[in-house]
Structure formats: structure tokens, C-alpha cells
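Student: Just passing along the structure, written as C-alpha cells.
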Amino acid sequence: MSSTFDTVANIIAETCDIPRDSIKPESHAIEDLGIDSLDFLDIAFAIDKAFGIKLPLEQWTQEVNDGKATTEQYFVLQNLCTRIDGLVAAKGA
Amino acid sequence: MRIEYFQLIDRIVDIDVGGGTIRTEAAVPQESTIFEGHFPGHPLMPGVLLIESMAQTAGWLIIGVNKFAKMPFLAAVKDAKLRSFVTPGTVLSLNAKLLHEGSGYAVTKAAAVANGKAVCDAEITFRVLAFPDPSMRTAMEEWATRLAFPIQALADG
């Protein structure tokens, strides 16, 4: 079974036509990979489908806009994967 | 359909903001300069305008869901299929449903039929932003009134 990161990286590579080997756990989706909010919406939908969860994009966006969170907390891929794992665990609880 | 003003919907037939669905109606005009070029001797409603008709249908739904506080702007059109020709005088029945709303975007699935036959469908995404100017909101409310949009029902709901 592939890791959460592998699944997310494959989704990003396919959705945004980014070479898979350039996508690292420490990559920032926006600043390093150049993914814009419109493409991230597609990525989020694909993640939702792959993991059977619902990423709280609206809440995250609001927190960043309000200065309560940094983009790194959500868009650095290893942080994103940790949040995905948390949502998957919460679903199974 | 006021094709020259890019106002492609004639009437809101039904809207359910809670359920995230809308139905509209649009009659393609019998005559337009567009048909002189598209195509000479074989007038057809351009596919891009059919897509715009679906986008306007979905757009009114998003405006309703946001109770006229925000404005949707076209951001993406996916899997657009133009299934049958539309000629002058055709009455289109359009519908849209909301698939996602939040984080500044709304995603919808829209379709049109005419005479019981599928015309077109697409997944249409919008950026949802505050009205850039209060006068635009006023203009949209006036336009909505012309389309029989049940604005009062939103206020009561």
C-alpha cells in the first residue's frame, strides 16, 4: 500500500503535469511547485476521493486569511499529509 | 435571450438554494448578426454561447446560495459536451446543481435540453468574490428581477 505522501504526490503530478520526482515531502505546493488555488481545488477533490475524506478548504483558507495559520501549515506536503492522516483517522474513529 | 448583451437566460423557472439546484429557460432568438457568420446559410447557436448559458444558469444559483452577497466569476469549464445542434428559435431548458461551495470557489454541474433532447453539459467552476462595486450588485439585483428570480423568498428564508 502506498504512503499518503506517494498518493498525494501522484495526484499532484497527474493533475498539474508536474514531474513526479520534483515533488518532495518538504515541497510547498504554492511556492515551490507553483500550484495556484484553482489547481489546488482539483487536487483537493482528488484527495477527497482517494482517501474518502473532505478537506476543510474553506476553514483553512479563512485561517490563513485571518493570520491564524501560515500557508506552510497546510501547503507543505508533509504537513498536508499529516492533516490527511488525521482526517482519515477521525473518520475511522 | 438578449444575445447582444450577453444575457443568455430569460427566466428562472425554479431555484432551491438549500438543495443547491436551479432550472432556467432561454429562447434562442430567431435573428441575430451572430447567425450571419455562424454559419452563412446554416445558422447555429455557437457552442461557446451554450456553455455561457449553462454558466449563467449556474451563476444565478451561486448568487442565490450567497443571497446576493457575492458574485461568481467563471474560472474553469471541464468535460464540456455539445451533443446536438441548436438552431434559431429553439427554447432551451437549463439546469445546474452545486457540487462544492467554499474556500472562494464553487463547482457546479450544468446541462441543457431542448425538445426532450440533450443539448450540452459541463462541470463549471467559479471564483466567488465580493461584488467589486455596490453598483454591480444593484445591477445584478435588477437583472434578477427581470428573470423572475425569487429575491424576496431568499430574504424570507
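Student: Would you mind stating whether B:Lys78 is within 14 Å of another protein chain (Cβ to nearest Cβ) and more than 18 Å from B:Ala118 (Cα to Cα)? Step through it out loud before you land on a result.
Tutor: Values: within 14 Å of another protein chain (Cβ to nearest Cβ): yes; more than 18 Å from B:Ala118 (Cα to Cα): no.
In short, no.
Student: Here are some residues: B:Lys109, B:Lys67. Which one is part of a strand (DSSP E or B) and not hydroxyl-bearing (Ser, Thr, Tyr)? Walk me through how you get there before you give the answer.
Tutor: Working: B:Lys67 fails: part of a strand (DSSP E or B).
Every option except B:Lys109 fails the conditions.
Student: Please go through the stretch A:1-60 and give me each residue that is under 17 Å from A:Arg83 (Cβ atoms) and of a type in the set (Lys, Arg), ordered by number.
Tutor: Listed by number, the residues that qualify are A:Lys49, A:Lys54.
Student: Would you be able to tell me the number of residues in the stretch B:11-28 that are in contact with an Asp or Glu (Cβ under 9 Å, 6 or more places away or on another chain) and either open to solvent by 50 Å² or more (accessible area, probe 1.4 Å) or part of a loop (DSSP other than H, G, I, E, B) (or both)?
Tutor: Just the residues of the stretch B:11-28 that are in contact with an Asp or Glu (Cβ under 9 Å, 6 or more places away or on another chain), to begin with: B:11-13, B:20-27.
Next cut, either open to solvent by 50 Å² or more (accessible area, probe 1.4 Å) or part of a loop (DSSP other than H, G, I, E, B) (or both) only: B:11, B:13, B:20-21, B:23, B:25.
So the count comes out to 6.
Student: Restricting attention to the stretch B:84-134, which residues are within 14 Å of another protein chain (Cβ to nearest Cβ), closer than 17 Å to B:Val48 by Cβ and either charged (D, E, K, R) or more than 14 Å from the chain's Cα centre (by Cα) (or both)?
Tutor: Within the stretch B:84-134, just B:Glu123 meets the criteria.
Student: Considering (1) in contact with a His (Cβ under 9 Å, 6 or more places away or on another chain); (2) away from chain A (no Cβ under 14 Å), say which one B:Ala139 fails and leave the rest.
Tutor: Checking B:Ala139 against (1) in contact with a His (Cβ under 9 Å, 6 or more places away or on another chain); (2) away from chain A (no Cβ under 14 Å), the one that fails is (1).
Student: Could I ask something else about it? Tell me which residues, restricted to the stretch B:44-71, are open to solvent by 10 Å² or more (accessible area, probe 1.4 Å), in contact with a strand residue (DSSP E or B) (Cβ under 8 Å, 6 or more places away or on another chain) and more than 14 Å from B:Leu94 (Cα to Cα).
Tutor: Correct list: B:Gly47, B:Val65, B:Asn66, B:Ala69, B:Lys70, B:Met71.
Student: Across the stretch B:73-130, what is the total count of residues that are of a type in the set (A, V, I, L, M) and under 15 Å from B:Glu25 (Cα atoms)? Lay out the reasoning, then the answer.
Tutor: Kept after step one, since they are of a type in the set (A, V, I, L, M), are these residues of the stretch B:73-130: B:74-77, B:80, B:82, B:86, B:91-92, B:94, B:96, B:98-99, B:106-107, B:110-114, B:118-119, B:122, B:124, B:128-130.
Narrowing further to those that are under 15 Å from B:Glu25 (Cα atoms): B:86, B:91-92, B:94, B:96, B:110-114, B:118-119.
The qualifying residues number 12.
Student: Which of the residues belonging to the stretch B:52-75 are more than 8 Å from the chain's Cα centre (by Cα) and away from every other protein chain (no Cβ under 14 Å)?
Tutor: Step one: of the stretch B:52-75, the residues more than 8 Å from the chain's Cα centre (by Cα) are B:61-75.
The answer is B:Leu61, B:Ile62, B:Ile63, B:Gly64, B:Lys67, B:Phe68, B:Ala69, B:Met71.
Student: Among residues belonging to the stretch A:37-54 that are closer than 22 Å to B:Pro72 by Cα and within 12 Å of the chain's Cα centre (by Cα), point out the one that is nearest to the other protein chains (Cβ to nearest Cβ). Talk me through it step by step, then tell me what you get.
Tutor: At the first step, the residues of the stretch A:37-54 found to be closer than 22 Å to B:Pro72 by Cα are A:37-45.
When the remaining residues are screened for being within 12 Å of the chain's Cα centre (by Cα), the result is A:37, A:39-45.
Working: A:Ser37: 7, A:Asp39: 10, A:Phe40: 9, A:Leu41: 5, A:Asp42: 8, A:Ile43: 12, A:Ala44: 8, A:Phe45: 7 Å.
For the stretch A:37-54, the residue satisfying everything is A:Leu41.
Student: May I pose another question? I'm told B:Arg137 meets every condition in (1) over 16 Å from the mean Cα position of the chain (by Cα); (2) more than 29 Å from A:Asp36 (Cα to Cα) except one. Can you identify the failing condition by its number?
Tutor: Among (1) over 16 Å from the mean Cα position of the chain (by Cα); (2) more than 29 Å from A:Asp36 (Cα to Cα), the lone unmet condition for B:Arg137 is (2).
Student: While we're here: Does the stretch B:75-96 include one or more residues that are farther than 17 Å from B:Met54 by Cα, open to solvent by less than 50 Å² (accessible area, probe 1.4 Å) and not small (Gly, Ala, Ser)?
Tutor: Yes, there is a match, as at least one residue in the stretch B:75-96 is farther than 17 Å from B:Met54 by Cα, open to solvent by less than 50 Å² (accessible area, probe 1.4 Å) and not small (Gly, Ala, Ser).
Student: Which of the residues spanning the stretch A:58-85 are more than 10 Å from the chain's Cα centre (by Cα) and hydrophobic (A, V, I, L, M, F, W, C)? I'd like the intermediate steps shown before the answer.
Tutor: Our first condition is that a residue be more than 10 Å from the chain's Cα centre (by Cα); within the stretch A:58-85, this holds for A:58-73, A:85.
Listed by number, the residues that qualify are A:Trp60, A:Val64, A:Ala69.
Student: On the given criteria, is B:Lys109 within 27 Å of A:Thr61 (Cα to Cα), at pLDDT 95 or above and either open to solvent by 10 Å² or more (accessible area, probe 1.4 Å) or among the basic types (Lys, Arg) (or both)? Explain how you work it out, then say what you get.
Tutor: Numbers: within 27 Å of A:Thr61 (Cα to Cα): yes; at pLDDT 95 or above: yes; either open to solvent by 10 Å² or more (accessible area, probe 1.4 Å) or among the basic types (Lys, Arg) (or both): yes.
Criteria met by B:Lys109.
The values are calculated or read from the model by the stated rules, or taken from the named source; none is laboratory data. Not measured: the values here are computed from a predicted model. Neighbour counts run over all protein chains shown; Cβ positions are idealised from the backbone, glycine included. These accessible areas exclude ligands, DNA and RNA; they are computed on the full protein's heavy atoms, side chains included. Shrake-Rupley method; radii C 1.70, N 1.55, O 1.52, S 1.80 Å.
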